[in-house]
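Heads up: the structure comes next, in structure tokens.
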Amino acid sequence: MRTFSARNEFTVDLPITCPDGRTLTRREVLGGIGVATAALTAPSLLARPGSAASAGVRAQANLAPAPRRPGQGILVLVTLYGGNDGINTIVPTQDPVYAAVRGAAGIPADQTLRLNDGFGFHPSLVGIKALFDQGKVGVVPGVGYPAPNRSHFRSMDIWQSGVPERVDLTGWLGRWHDAVGADPMRMLSIGPSVPRALVGARSSASAVPNGTFNLPGGAPLTNAYLESVRAPTPELGAWAGRIIDTGSDLLRVSAQIGPILKGGGQGTAAVNLEGVADDAKYSVLERQLAEVATLIRAKVPTRVYSVSLGGFDTHANELGTHANLLGVVDRSLSKFLADIATDPMASDVVVVVYSEFGRRVAPNLSNGTDHGTAGPVLVVGHGVRGGMHADYPSLSDLVDGDLKVTTDFRRIYSTIIDQVLGTDPAAVLGRRYDALGFL
Amino acid sequence: MADDPRSRIAHLYRRIGFGATPTVLDGAVAAGFDATVDSLFDPSISDAGAAATPPPSSLVLIAPIPATSAEEKKARNIVKRTQNIGLMRWWLDRMTATERPLAEKMTLFWHGHFATGIEKVDEAIYMLTQNQIFRTAGLGRFEPLALAVAKDQAMLVWLDANDNKKGSPNENFARELMELFTIGIGSYTDGDVREAARAFTGTRVERRTGTISVLARQLDSSTKTILGDSRNFGFDDTVSFLANRAETAAFVSAKLWSRFAYPVTTSDPVVADIAGVFRQGGDITTVMKAIVRHPQFVSVAARQGLVKQPIEWVVGSMRALGMRANEFEVLGPDPVGTLRDLNQVPFNPPSVGGWPQNGYWLSTATALTRLRYAIALAGRANLSWLTGVAAPGRPDAIARQLSVDGWSRSTLGGLQKASTPKSQLAIALTSPEYVLA
């Protein structure tokens, strides 16, 4: 199976254009990062809204969660690499064109899970359907950007940068991080790498391994390591600066997160992996989200989490593969929502699921689908306003065999930046876009 | 320091090899930069290290192994996993043993360029066959290399050749060939992709036997128009046509420069210099020599412009300490597991785009993995070259052993604070001086 993650970066020397139109060189971009990190200190400026009250509130864990507090939320970004087939994810059950064009590569209407009179969820999305019925799933169909690009890499770059009209090496959440002031605990990517979306001009998210996060070698070695990453090394250039920064961030982030993932400490529990399969291939997203749930419940001051799943590039024999993948997504999200359900801040957590493009309306003769354009975005959470929040694209009014975009992706970002992260979207996207109704 | 001949030759060895041991570097400095380039590129130099690490000869096709019952499936998966991990370990061991490191560096480069992954290809033997193409043809002309890779089982399986049929072309291979292997994104339209896909119809690989054949009834032999050129393009002439385009010379030159010197786009002036050489026949040895002899190759931009790929870091550290990858299979640390945590599993790049570079390798999570591995490696290494040195001399001794020019004040502070030779070595291996390529 083919998976997609961060793009080939050998174009990294392109100048970076900031939202204000100023151009940064790579040297400026990377040279600035050193400013953002300091030695091992208490993350005082990081207190997440509400976390001060955590000890008292935990006692009330059985009560219904407090209502969502606008602008004080936590974003969990779920990236599906490879191009998820949106048409088979949210099926237009009443459109005769669907059955006629998709044929054996489509889902019979009576197998879908009813969303409303016109649409049904893919049969694998049992848990999502249940959450939808509880009003906890916002569906935004037909999301994309002008002049669709069918390259995985370019299209994912556009989604992750939030800038469709030119190459911009910063990510939309990276620019948010820059705008509010970088801190290594503020954005966490679960896994070894940080996707472009979370890389800013002056800062980057921290990466937390899926598993344990304890430093080896004991205190003497930790102290020597701390000494070696204490000061910048401008004479060695920008990448050396990044190496130093990731080292000092490691010390800070692991000091805070290591004990939580280890579990057994006061007020913390190890990651709940009950019912999660051993085979990493089918459980990687579940494990990532279980870790996020643990960190949220432990009240770390993180505002943005990033997790991902690959394998959605279903050029051949799509039905079985896609059903398995959506089953993974469904299990993972259902468990995550359940894991955080009793947390008093549960309503503040908003999950956004997206992919770099949808797939072509007509299947190829390998019972798969080739790269397409617009696709659905799912917004899931205890404090989300459920329902369909945009028009589903027509299956007959196509451009080059592909769906027309009904909803600009920046409307989603703008809504999230404003309603979840509490920042003026113009600081990140250059302007504010019309809000969508999912929050 | 950067103009120092020893420093320049050490840089050369890091970039087109896996670094030089002190003895090798002493010899190379005596011979000089130009003579060292010639000997590094000399294909006639014998390689006892490669001879001692022959590729696994017992790999079998997995597809024909029956897998109907759960037990059979389990047995089949065990064979598959054993073969896959064995293949990965073999290549890492070859990289630590070889005396012609350039051949392995080029193999790694082409593996990232014509990227295919074992997860989808699903046959270790196909991955090995392709790997041998990179090794034997990777320093020859680009066109035959591209042809050999394109019509090979690994690539045919990876990009869905069996689904590409007359009347229902599957565009996967045509698109990636243009976007990632030859002319580069921006040099073609979606229409060119659709036309080229028709040229590749009918060629398939029989999964049970590995036989590559052309099915006449699935071959679209009508006229195709690619990049404005209309004719009855077939499989080979489409690959050759694209391989010989000027855009390909620029795109592949930019990629070679980006991976061996520092990241550039095709519009960078240095690419014009290299692409000019590439266009004269596309001989990769000639192109690579032009790269390492280019004045910018030893510039500050180059010295500071690349982070070691994890495979380079793991293999380089073993070579510097006189160790072989196969020493670790039982006692650990497992290099393959470490590389998984560092984001670079050999034979399994994250996508058809290969591995990204520089920033992709740097995160808090990979910093932790590097520290863990460095401690384990230092614990297993024979440190007699270090333990006999008095404490004040150890930082210099480590710099010499790791082929690093010297230490920053920061790293030196850490080295002085570390209480044992082992922890000093671990600090050095994770320092920016050593993590940079």
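General observations
- When residues of the range B:327-354 are limited to those that are among the small types (Gly, Ala, Ser) and within 11 Å of chain A (Cβ to nearest Cβ), the one nearest to B:Gly112 (Cα to Cα): B:Gly354
- Residues of the range A:206-237 that turn out to be in contact (Cβ under 8 Å) with a residue 12 or more places away in the chain, at the interface with another protein chain (Cβ under 7 Å from one of its Cβ atoms) and assigned to a helix (DSSP H, G or I), as a count: 2
- Test result for A:Leu273, part of a loop (DSSP other than H, G, I, E, B) and either over 22 Å from A:Gly86 (Cα atoms) or within 12 Å of chain B (Cβ to nearest Cβ) (or both): yes
Rundown of residues vs (1) away from chain A (no Cβ under 14 Å); (2) at positive phi; (3) in contact with a strand residue (DSSP E or B) (Cβ under 7 Å, 6 or more places away or on another chain), yes/no style:
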| position | (1), (2), (3) |
| --- | --- |
| B:Leu227 | yes, yes, no |
| B:Ala243 | yes, no, no |
| B:Glu247 | yes, no, no |
| B:Thr265 | no, no, no |
| B:Val270 | no, no, no |
| B:Ile274 | no, no, no |
| B:Met288 | yes, no, no |
| B:Ala320 | yes, no, no |
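- Flag if A:Ser193 is farther than 18 Å from A:Ser414 by Cβ, at the interface with chain B (Cβ under 10 Å from one of its Cβ atoms) and at pLDDT below 90: yes
- Condition check for A:Ser283: surrounded by 21 or more Cβ atoms within 10 Å (Cβ to Cβ) and among the small types (Gly, Ala, Ser): no
- Checking each residue in the range A:389-439 for being free of Cβ contacts under 8 Å to residues at least 12 places away in the same chain and within 18 Å of A:Thr373 (Cα to Cα) picks out A:Ser394, A:Asp397, A:Asp400.
- Against the criterion of being buried (at least 22 other Cβ atoms within 10 Å of the Cβ), at the interface with chain B (Cβ under 9 Å from one of its Cβ atoms) and of a type outside the set (S, T, N, Q), A:Ala201 does not qualify.
- Filter result (of a type outside the set (A, V, I, L, M, F, W, C), closer than 19 Å to B:Ala103 by Cβ and away from every other protein chain (no Cβ under 14 Å)) within the range B:113-169: B:Thr129, B:Gln130, B:Asn131, B:Gln132, B:Arg135, B:Thr136, B:Gly138, B:Gly140, B:Arg141, B:Pro144, B:Asp152
- Matching option when the condition is surrounded by fewer than 19 Cβ atoms within 10 Å (Cβ to Cβ), assigned to a helix (DSSP H, G or I) and among the polar types (S, T, N, Q), among B:Gln416, B:Gln424, B:Gln401: B:Gln416
- The set of residues in the range A:211-237 that are modelled with pLDDT of 95 or more and more than 25 Å from B:Pro421 (Cα to Cα) contains only A:Gly237.
- Filter result for A:Asp178 (of a type in the set (D, E, K, R), assigned to a helix (DSSP H, G or I) and modelled with pLDDT under 95): yes
- Residues in the range A:240-260 that are over 18 Å from A:Ala205 (Cβ atoms) and either buried (at least 24 other Cβ atoms within 10 Å of the Cβ) or within 7 Å of chain B (Cβ to nearest Cβ) (or both): A:Ala240 only.
- Pairs linking a residue in the range B:159-180 that is among the polar types (S, T, N, Q) and crowded, with 23+ Cβ neighbours inside 10 Å to a residue that is modelled with pLDDT of 90 or more and outside any helix (DSSP H, G or I), with Cβ atoms under 7 Å and 6 or more positions apart or on different chains, are B:Asn164/B:Phe200; B:Asn164/B:Thr201; B:Asn170/B:Asn164; B:Asn172/B:Leu159.
- Between B:Arg89, B:Arg100, B:Arg81, the distinction of being surrounded by fewer than 22 Cβ atoms within 10 Å (Cβ to Cβ), charged (D, E, K, R) and closer than 21 Å to B:Val157 by Cα belongs to B:Arg81 only.
- The range A:259-293, subset within 23 Å of the chain's Cα centre (by Cα) and among the small types (Gly, Ala, Ser), residue modelled with the lowest pLDDT: A:Ala280
The values are calculated or read from the model by the stated rules, or taken from the named source; none is laboratory data. This one's a predicted model, so the numbers in the text were calculated from it and none came from an experiment. No Cβ is skipped: glycine too gets one built from the backbone with ideal geometry, and neighbour counts run over all protein chains shown.
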